[in-house]
Amino acid sequence: MKKLMIAVAAIAVLASPALAHAESNWYADIGYTNFSVDELDVNLGVVQGRAGVLLTPNFGLEGELGFGVAGDTVDVGGTPVDIDMNSLAAAYVVLNWPVSDRVDIYMRAGYATFEVKGSSGGASVSDTGSDSAVGIGMKAFFTAKDGVRADWTDYGGTDSFSVAYVRRF
């Protein structure tokens, strides 16, 4: 988490001159993300909120926070173990391609930290981790400010698919 905070602070300082001119290019979204952990055959559900700013039409910064709402169970040596994602935080650099006034395609690359919990038979253990994150997606607006967002992101080998309501400010 310390590395994430340092990276976000450094990006904010470097981008502060551009942020002063980008007040109309802010956006935020809230949605649902499914994380698919193939090695464990586990799917985890997370509610995520994201906020970002396009510093130019093609370059921006984005942050996300999420918390788990749907866990899964995996069989470990004949014992069922419940797996949940407690939290997720990430920061990204975004490359954006406006297709029209109402459709954007984007790629994002950044760094994410997360906390997961496993429990079985009254015992539980939590662990934190961090990894790089890269993704691609699309935003489609049905009004000048309101739209939907869909994306795929790879968190260090764990795939996620997200759908969200997005609002421009």
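The numbers here are math on the coordinates, done by the rules we state, and not lab data. What you see is a predicted model, and the numbers here were worked out from it, not measured in a lab. Cβ placement follows ideal geometry from the backbone for every residue including glycine, while neighbour counts extend to all protein chains displayed.
Of S124, S87, S132, the residue with the greatest mean-square motion in the GNM of the chain, using alpha carbon springs below 10 Å, is S124. Modelled label positions at D146 and V69, each set 7 Å beyond Cα in the direction of Cβ, lie 1.9 nm from each other. Label positions at V163 and D38, each projected 7 Å from the Cα along the C-beta direction, are separated by 2.3 nm.
At 0.36 nm per residue, minus the direct Cα-Cα distance, what do K117 and A51 gain on full extension? Give it in nm, one decimal, please. Provide the component values of the computation, followed by the final result.
Values: separation 66, 0.36 × 66 = 23.76 nm, distance 2.62 nm.
My answer for the length gained is 21.1 nm.
Do the sum for the chain: with -39,500 (n - 2.57) for every DSSP H run of n ≥ 4, divided by all residues, what is the mean residue ellipticity at 222 nm, to the nearest 500 deg cm²/dmol?
Numbers: 1 runs with 18 residues, N = 169.
Value at 222 nm, helices only, nearest 500: -3500 deg cm²/dmol.
Of the residues D72, D104, D127, the one with the fewest other Cβ atoms within 10 Å heads the list, and the complete ranking is D127, D72, D104.
Charges only on Cβ, +1 for Lys and Arg, -1 for Asp and Glu: so what's the dipole of the range 103-156 about the Cα centre, in debye to the nearest 20?
Working: 5 positive and 7 negative charges, 39 e Å.
It works out to roughly 180 debye.
Proximity of backbone amide H atoms, modeled 1.01 Å from N, is registered between G71 and G45 at under 5 Å, excluding neighbours fewer than 5 places apart on the same chain.
Averaging Cα coordinates gives a centre for the range 39-86 and one for the range 92-125; these two points are 7 Å apart.
Convex hull volume of the C-alpha atoms in the range 25-97, normalised per residue: 89 Å³.
Taking the convex hull of the alpha carbon atoms in the chain, what volume per residue do you get, in Å³? Display every interim value, and only then the final one.
On the way: hull volume 17.1 nm³, N = 169.
Spread over its residues, the Cα hull of the chain gives 101 Å³ apiece.
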